[in-house]
């Protein structure tokens, strides 16, 4: 009951905040900020594309428009219906996301408790203190919705009319359908997100593991069988994505859109500065090295899926128990990890996406900040919250200042801004590393008990390497 | 990740920091302030040098001479000025420039005052400018020589000396074959407003308040500008002024160029009427005091955020510009206008050599003398040390907070999950020891019991904690700052129908807001059984405020180091000190300190210091009274600057300094434990 009122308050506060800020001149400023709207997500570019389309010129001919054909039609329809009241559309999408998140949070708390029940036989003695309780878990939906409506990144993205809110909506939907166990819808939303911004294709891996795990929960499946199952599930998602491309082809009548959307993401021709690391690197580079380094950078963006999937599936990621005074005291370190971290894996991937993608913006940050309260129970194990929070704050304040000094005042230069972009990426990596450490450390405690002693009777300290 | 992942070494540092935080904070502050001021001492700063070799200053032989009778021109201008108190010699100048064969134009503009000043009347103005087209290049770049037009009624010194020099230069330059950049000769009306109107017109910028007409002719991209403020002949020395809008400074190369050429022609250059220290004296205490004085004067001018001359408006358009101001003495002035003409000729010959925009050298610097500079690399270190004391205190408070949060763990009912970031997990690990001996493995049923068990999150301690307890305070500070920012427009629209003076209306409005903010901790206080008490998690609020404050100071330091430094010197010690206390003396002491650094007192003290510089008459009481009447005028001017030129000072005060002070103020009201 209290949660219901809380949810209602969050919705009301978020909507009022957004609508009242739309009356100031902040939205114009946000719409120009490179951290919020880049070539892929700028609403101005979308309007340009719609205008071209209306004049029977293919918007994909030039280097102007990078939305997908289906989204072009959706936006074109909406902008004609709402015309000058377009900001209601973006607030509406945020409300929808809020609803999805509330439902997802509920599913997730159920999932957490269920997982705990399933694994209880592996837990060590004396772990009552870190067992999840119902009334704590019940707060998760509220926390997620509150973060979604009130965190500055989400608000800024909505005010800046970044079209990435649609993509974020689909990512939230993916999480929801995954937790609800709806395979087809989940694959559909992943396909839609992939179709728009390519990188969410990585989400196929955790989703496949999750569904595979669900179907064979009780009996122990063979490794090869498991992988085949995952492969089949992913194929469904890939097939759906291809289907979307096919529809686009029929809508457009040519494949030109592919170069302007997916090709644009992969080839990184637009080097407008943003909070990522691509632009700086590629402006400095000789042209003939470009293809090679683009491959390196893009592979880097996707690469982490593999080790993370492997580690979080069978073997525990944390790995090392480096002991303070003496080494290798946990001689018999039991590897208890079962295949049950697909949701966490999905979350890690969402964060990594926003670090390594070619055109990152605050919209991607908004996704993982919004979903962060899912791991509320891990927070007490995190060690760098103070440092990481401050890094995020510093970046948020400094990036417009340094941008001003570089572009308008002419007294600073690109290096100043890139330093902030780099700090921001580092902050995100610290956050995710810290969260992973906390998560695994908690699992370790659940399976080994809270008290770790060395042979000589001293307190042990567990270190992630 | 060294310190981030190795808990052992980090534990050590965190412990040290939190144990000795008071000493560390004090040490950081003292060291930072002293180090910063020590930068004016000669061995700690560096001699200026030219980074841009293309300038080649003073290589050419100067050939400038007046080909007309200077004294007769001066008489003509004076005649022109005498005709009407408000008349400026605009038409006379236009005529003379035309006669010299220069393509000359006039630009009209209208000014619409914000905040209902003058009841929304439009004020017209007119600028005169002429363009000398380059003969040897493609005319895509230009340099500007500008002189402000001043009438007899102006409070500022006359500038007709500058007009004469400009006319002489027009006649001389037009005969020379070597120009590869266009030269724009510009005379602007109404001080900064006219300059802004011309720049807006030139760059096709449209604003609501200054409405320039279309320029009849224009040239290329402007590379640099020189503004002359020369009252008359008999020049004693020159002042170079470089502080621009919002504390922006021109490239140091341009400053060096002007200084070097003045020195070459024997013309003495000073900063804010303060001569350089001679090399012999530089390392003596007197020498240090003199250069420190010069540096503080320069910082004072920069901190105000308003341009010290018409050059300050160019910076916003990425144009490097300085003002050369002459100080004249009837008897002792040794230099004639010829010398100034030759200096300006030299400067323009050098600018003519430029191959690209000014981009080398420094944009962030402080000057303890015309030939010594303190670069950003030098002054940022002591500044960062000052800010460090805030951060150390914040970390110490944070550590205390997380230690407090994990303390209730001894009680098994309370889940660790509620604890804040655990930098020390030892606590959780040891408390489990007792259980391990007696406990048994969980099964599904006992698990279910634990899960369903009602946990009492809210401990019985009546001391409030967590974000929720400080939320009302933070929210009301935000509302106060929004009120402060939007207040003037509201007040001025109210003041007009009531036939009130706009200036008074806004000023008294601010006083009302300030009084309300003084009372605000009382208003928020929650009524408990006996009396009103203000009780909240002050450690959390203080940690957040300190972080906010350091962020604000650091962000500001990148744009306007002087303002950041002055604010840091005032705010850092008080913000570190303030805490709820039982003793009356300490409570009232803190409140007094906080009142002294309140935005209102800062403004008042700043006005007093400014009036001190203006005139020394009427004794100290008269001074304070003058400052009070100047204060309301100053507040209005800052507000108007925001609308006309985009000055940030007001926004900074209402959105950063004011809420920061409000939360410190409310901490001093918090009930102590």
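Every number in this text was worked out from the coordinates using simple rules, so none of it is lab data. What you are looking at is a predicted structure, and each value in this text was computed from that prediction instead of being measured. Positions of Cβ are backbone-derived with ideal geometry, glycine not excepted, and every protein chain shown enters the neighbour counts.
Worth pointing out:
- For a modelled paramagnetic label at residue A:404, 7 Å from Cα along Cα-to-Cβ, the residues of region B:310-342 in reach, with backbone nitrogen under 17 Å, are B:313-319.
- Cα centroid separation, region B:105-123 to region B:314-350 (Å): 31 Å
- Inter-chain neighbour count for A:439-450: the average number of beta-carbon atoms from partner chains within 10 Å of each residue's beta-carbon is 2.
- Region B:244-369 has equivalent-ellipsoid semi-axes of 23, 21, 15 Å, by the square roots of 5 times the alpha carbon gyration tensor eigenvalues, sorted largest first.
- q = 0.07, 0.10 Å⁻¹, region A:2-448: log10 I(q)/I(0) [Debye, one scatterer per Cα]: -0.36, -0.76
- Rounded to the nearest 10 degrees, the inclination of helix B:70-83 to the longest alpha-carbon principal axis of chain B is 70 degrees.
- Rounded to 10°, Cα long-axis angle of helix B:538-559 versus longest principal axis of chain B: 20 degrees
- Projected label points at residue A:429 and residue B:475, each 7 Å from Cα along the beta carbon direction, are separated by 4.0 nanometres.
- Considering only chain B, percent of DSSP beta bridges that pair antiparallel, nearest 5: 60 percent
- Set against the 2.2 N^0.38 Å expectation for a compact globular protein, region B:528-609 has a Cα radius of gyration ratio of 1.31.
- Packing-based ranking of B:260-272, B:364-376 yields B:364-376, B:260-272, ordered from highest to lowest mean Cβ neighbour count within 10 Å.
- The sum of -39500 (n - 2.57) across all DSSP H runs of n ≥ 4, divided by the residue count of chain B, sets its helix-only mean residue ellipticity at 222 nm to -17000 deg cm²/dmol.
- Neighbouring partner chain Cβ atoms per residue of A:373-386, average, 10 Å criterion: 5
- Modelled spin-label separation between residue B:514 and residue B:356, with each label point placed 7 Å from Cα along the Cα-to-Cβ direction: 4.9 nm.
- Rel. contact order, % - alpha carbon contacts under 8 angstrom, at least six apart, chain B: 17 percent
- Spin-label zone in region A:74-110 - amide nitrogen under 17 Å from a point set 7 Å from the Cα of residue A:28 along the C-beta vector: A:84-87
- Estimated FRET transfer efficiency (residue B:91, residue B:156; beta-carbon r; R0 30 Å; 0.05): 0.90
- Highest-first packing order for the peptide set B:39-49, A:359-369, A:387-397, A:174-184 is A:359-369, A:174-184, A:387-397, B:39-49, based on the mean count of other beta carbon atoms within 10 Å.
- Simple spin-label estimate for residue B:178 and residue A:93 in nanometres, 7 Å along Cα-Cβ: 6.1 nm
- Rounded to the nearest 5, the antiparallel percentage of DSSP beta bridges internal to the protein assembly as shown is 60%.
- Theoretical FRET efficiency, 1/(1+(r/R0)^6), r = Cβ-Cβ of residue B:19 and residue B:493, R0 56 Å, to 0.05: 0.50
- Looking at region B:87-226 alone, DSSP beta bridges between its own residues are antiparallel in about 60 percent of cases.
- Residue by residue along B:312-324, Cβ atoms of other protein chains within 10 Å of the local Cβ number 1 on average.
- Rg/Rg_globular for chain B, with Rg_globular taken as 2.2 N^0.38 Å and Rg from C-alpha atoms: 1.18
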